[in-house]
Amino acid sequence: MWGGRFGTGPDAAMREINASIGVDKRLWREDLAGSRAHVTMLGATGILDAGDVTAILAGLATIETEFAAGGLVEDPALEDIHMHVETRLAQLIGPAAGRLHTARSRNDQVATDFRLWVRGACAEADAGLKALVLALLDRAGEHAATIMPGFTHLQVAQPVTLGHHLMAYVEMLGRDRSRFADAATRMNLSPLGSAALAGTGFAIDRFATAAALGFAGPTRNSLDSVSDRDFALDYLSAAAMAGLHLSRLAEEIIIWASQPFGFVTLPDAWSTGSSIMPQKRNPDAAELVRAKAGALLGGFQTLAVIMKGLPLAYSKDMQDDKAVVFAAHDTLALCLTAMTGMMESLTFNADRMRAAAASGFSTATDLADWLVREAQVPFRQAHDITGRAVKAAEARGVTLDGLSDAELAAIDARITPAVRSVLSVDASVASRTSFGGTAPDNVRAAIAAARDML
């Protein structure tokens with residue numbers, strides 16, 4: 001490729017560290033698409049004659065057929081996917097293949113290929129997230145009125161509905177989808193035609209190649225075009241956030257599946273056993289999703305460290321960008337598939353959830369709110385009164401609604417039998433009708449709204 005300048009070949013270790021074909025072979029579809037757009041434009045602008053354009057396009061079509069059938073044979077001496085394509089093209093059509101590289105560089109070529117691939121990866125991530133959202137919506141609909149404890153500090157706080165809890169993850173995943181959509185919009189400009197870093201003296205049409213590749217237009221600065229990897233960092237950032245949310249959901253499944261909680265039962269398909277304890281049903285799929293979130297978080301950090309000290313324009317360090325992004329793509333896809341499968345098939349133990357919701361004096365806030373609303377007690381005073389009621393119930397070993405009317409009145413005379421309307425977990429949940437609250441009708445409305453948005 002640069003034999004005119006160099007008298008000897010690279011050292012074996014140099015050849016190994018320099019070659020990227022083992023990683024960037026994934027870009028063969030994008031590389032062929034970019035080459036087709038480029039050579040078509042060269043023909044339309046008169047830079048190449050029609051015969052060469054026809055021959056090159058025919059050769060690229062043959063290569064596409066070969067690679068689709070698994071015919072890519074890696075040769076480290078050819079370094080990357082670009083030279084593999086160009087070399088095979090030369091074998092097929094002869095010297096005319098060398099004209100394909102007119103008015104472009106591997107710098108703008110790889111920037112274009114990689115953008116195309118990452119743009120597609122954003123769409124794949126969105127589809128995987130949408131599938132999980134749909135599974136959550138289905139389960140939330142089944143359990144819009146199923147009562148469970150809501151937690152703060154992993155202590156029973158207030159009763160909520162399981163549907164409301166699951167809809168919290170629909171909100172999180174919706175934000176994840178928006179991040180991938182935003183990233184795809186930002187990266188939707190074509191670097192092709194920026195050449196090595198300064199543009200080209202050929203009268204090319206960058207708007208034509210951008211349109212042919214489905215971009216909104218060409219990038220505006222040739223230096224930035226070949227040195228920018230923000231689009232990859234955007235993808236990794238969105239993937240890291242999605243992984244964080246998947247990990248939180250996985251953690252809840254792990255806790256809920258434990259015997260002390262017993263809120264869910266995982267099916268055999270998403271569990272493993274023990275080599276020594278035959279009674280065990282381990283939530284390994286959820287645990288692995290939780291673990292793999294760390295790799296997604298680390299992916300962003302890895303590429304950010306690679307890029308943070310690079311001057312303009314292209315540096316070879318950037319060759320290591322693709323391995324990080326490809327790994328994140330594969331990890332995220334696997335985690336989304338596993339989490340969707342678990343969410344679709346796990347069994348919720350509603351009786352166990354309801355019993356837990358009734359423990360821990362979870363309707364204490366309802367008592368305080370009732371005193372404020374019905375007896376015009378200042379909230380801080382109502383908080384103190386409720387605290388004394390909790391202490392009395394705890395001493396008796398009963399729930400708040402297990403205290404008699406006389407016992408409640410003895411704590412504060414303003415507590416009348418009418419308070420019974422808010423002391424049960426059902427009444428508590430039903431009362432939370434503020435927008436975004438946990439009342440069953442709210443949950444059903446939120447599900448309907450989410451489906452409309454989808």
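A few points about this structure:
- A103 falls short on exactly one of the conditions (1) on the phi > 0 side of the Ramachandran plot; (2) surrounded by fewer than 16 Cβ atoms within 10 Å (Cβ to Cβ); (3) assigned to a loop (DSSP other than H, G, I, E, B), and that condition is (2).
- When segment 106-133 is filtered for residues that are over 30 Å from M342 (Cα atoms) and buried (at least 21 other Cβ atoms within 10 Å of the Cβ), the ones remaining, listed by number, are D108, Q109, V110, A111, T112, D113, F114, R115, L116.
- Residue among R104, R119 that is closer than 21 Å to R186 by Cβ and of a type outside the set (A, V, I, L, M): R119
- Residue within segment 311-329 that is under 17 Å from the mean Cα position of the chain (by Cα), modelled with pLDDT of 95 or more, closer than 30 Å to A140 by Cβ and not charged (D, E, K, R) present: yes
- Across segment 183-228, the number of residues qualifying as touching a strand residue (DSSP E or B) at 6+ places or on another chain (Cβ under 9 Å), charged (D, E, K, R) and outside any helix (DSSP H, G or I) comes to 0.
- Residue within segment 300-309 that is farther than 25 Å from H245 by Cβ and aromatic (F, W, Y) present: no
- Restricting segment 379-417 to residues that are of a type in the set (S, T, N, Q) and either modelled with pLDDT of 90 or more or in a helix (DSSP H, G or I) (or both), the residue that is surrounded by the most Cβ atoms within 10 Å (Cβ to Cβ): T386
Let's see how each residue does on (1) in a helix (DSSP H, G or I); (2) out of contact with any strand residue (DSSP E or B) (no Cβ under 9 Å at 6 or more places or on another chain); (3) touching a residue at least 24 places away in the same chain (Cβ under 8 Å):
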position: V73; (1), (2), (3): no, yes, no
position: A77; (1), (2), (3): yes, yes, yes
position: A123; (1), (2), (3): yes, yes, yes
position: F151; (1), (2), (3): no, no, no
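- Restricting segment 330-372 to residues that are surrounded by 16 or more Cβ atoms within 10 Å (Cβ to Cβ) and acidic (D, E), the residue that is modelled with the highest pLDDT: E344
- Selected residue (only one of L162, L154, L166 is assigned by the TED database to the domain that holds A333 and out of contact with any helix residue (DSSP H, G or I) (no Cβ under 7 Å at 6 or more places or on another chain)): L154
- Test result for T45, among the polar types (S, T, N, Q), under 21 Å from S194 (Cα atoms), assigned by the TED database to the domain that holds L92 and touching a residue at least 12 places away in the same chain (Cβ under 8 Å): yes
- T433 vs. criteria β-branched (V, I, T), touching a residue at least 40 places away in the same chain (Cβ under 8 Å), closer than 28 Å to E142 by Cα and open to solvent by 40 Å² or more (accessible area, probe 1.4 Å): no
- Some residue of segment 246-268 being over 26 Å from V156 (Cα atoms), open to solvent by 50 Å² or more (accessible area, probe 1.4 Å), in a helix (DSSP H, G or I) and out of contact with any His (no Cβ under 6 Å at 6 or more places or on another chain): yes
- Residues being over 27 Å from L132 (Cα atoms) and open to solvent by less than 40 Å² (accessible area, probe 1.4 Å) are represented in segment 295-303 by at least one member.
- For segment 59-82, taking the residues that are within 19 Å of L42 (Cβ to Cβ) and open to solvent by less than 30 Å² (accessible area, probe 1.4 Å), the one that is modelled with the lowest pLDDT is identified as H82.
The values are calculated or read from the model by the stated rules, or taken from the named source; none is laboratory data. Because the structure is a prediction, the values reported are computed rather than measured. Here the Cβ is made from the backbone with ideal geometry for all residues, glycine too, and neighbour counts use every protein chain on show. Side chains are part of the model used for accessible areas, which takes the heavy atoms of the whole protein and leaves out ligands, DNA and RNA. Shrake-Rupley method; radii C 1.70, N 1.55, O 1.52, S 1.80 Å.
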